[in-house]
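Note sheet for the following structure.
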Amino acid sequence: MLLDGESWTARIQGFEREAWRLETLPCYRVPSEDGDIREFLAGRRIDPRGYTSGYTEGLKKIRAEGKSKGRVHIVTRPLTDYLRFEFMYYEVHAAAGDDIRILDVTGRANPLEGVRDFWLFDRSQVVLMNYESDGSQISREVYAGNVTPYLEYQRIALAESVPFEEYVKGLDV
């Protein structure tokens, strides 16, 4: 079953305890971000101390409800322009309650080689994120099989990664 529109919104907002994502790509092509990325590349930055958005307010609400949202992003250096742009937002998202971790596989084997992007909801539901090679999203697909491998992918990703704040210390992004 494919998810889009209202069905995706219901899934991403309707979890009971935990929403967690594995991100594997160095670039995601999101048309609504094109202008923001151009501004970032031109040197404009958001003020992380004063930035707020619907997303950050949603993260705060999730935390207040006792729920968690997190992700591990697999990266290699040098970071792509997109990752540097995304890291600017990761700073404020982490401060708002998103548990963001980085798994840097520069110069080492990727322990999750071949695993594609997915969301794991309440440790019982998996949504596979399907992308073109350039990072353009194709679809979101509810996985109907056994979730045990995805729980193991999450365990490995969390064990092999570091908190975002730790990763970016001393890193010029």
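Taking the criterion of being basic (Lys, Arg), modelled with pLDDT of 95 or more and either surrounded by fewer than 12 Cβ atoms within 10 Å (Cβ to Cβ) or farther than 24 Å from residue 44 by Cβ (or both), would at least one residue in the stretch 127-142 satisfy it? Yes, some residue in the stretch 127-142 is basic (Lys, Arg), modelled with pLDDT of 95 or more and either surrounded by fewer than 12 Cβ atoms within 10 Å (Cβ to Cβ) or farther than 24 Å from residue 44 by Cβ (or both). Select, from 90, 167, the only residue that is surrounded by 13 or more Cβ atoms within 10 Å (Cβ to Cβ) and over 25 Å from residue 9 (Cα atoms). Exactly one of 90, 167 is surrounded by 13 or more Cβ atoms within 10 Å (Cβ to Cβ) and over 25 Å from residue 9 (Cα atoms), namely 167. For the stretch 27-48, a residue qualifies if it is among the hydroxyl-bearing types (Ser, Thr, Tyr) and part of a helix (DSSP H, G or I), and exactly one does: 32. Here residue 10 meets each of (1) in contact with a Leu (Cβ under 9 Å, 6 or more places away or on another chain); (2) touching a residue at least 40 places away in the same chain (Cβ under 8 Å); (3) surrounded by fewer than 17 Cβ atoms within 10 Å (Cβ to Cβ); (4) of a type in the set (A, V, I, L, M, F, W, C) with one exception, condition (2).
Name the residues in the stretch 27-57 that are surrounded by fewer than 16 Cβ atoms within 10 Å (Cβ to Cβ) and under 16 Å from the mean Cα position of the chain (by Cα), would you? 29, 30, 33, 55, listed by residue number. Scanning the stretch 10-26 for residues that are aromatic (Phe, Trp, Tyr), more than 13 Å from the chain's Cα centre (by Cα) and not in a loop (DSSP other than H, G, I, E, B) yields a total of 0.
Anything in the stretch 9-65 that is of a type in the set (S, T, N, Q) and under 29 Å from residue 111 (Cβ atoms)? List them, or say none.
24
In the stretch 19-34, the count of residues that are free of Cβ contacts under 8 Å to residues at least 24 places away in the same chain, on the phi > 0 side of the Ramachandran plot and of a type outside the set (Asp, Glu) is zero.
Taking the criterion of being closer than 25 Å to residue 60 by Cβ, touching a helix residue (DSSP H, G or I) at 6+ places or on another chain (Cβ under 7 Å) and of a type in the set (A, V, I, L, M), the only residue of the stretch 20-45 that qualifies is 22.
The values are calculated or read from the model by the stated rules, or taken from the named source; none is laboratory data. Nothing here was measured: the structure is a model prediction, and the numbers come from that model. Methodologically, a virtual Cβ is constructed for each residue, glycine included, from the backbone with ideal geometry; neighbour enumeration extends over all protein chains shown.
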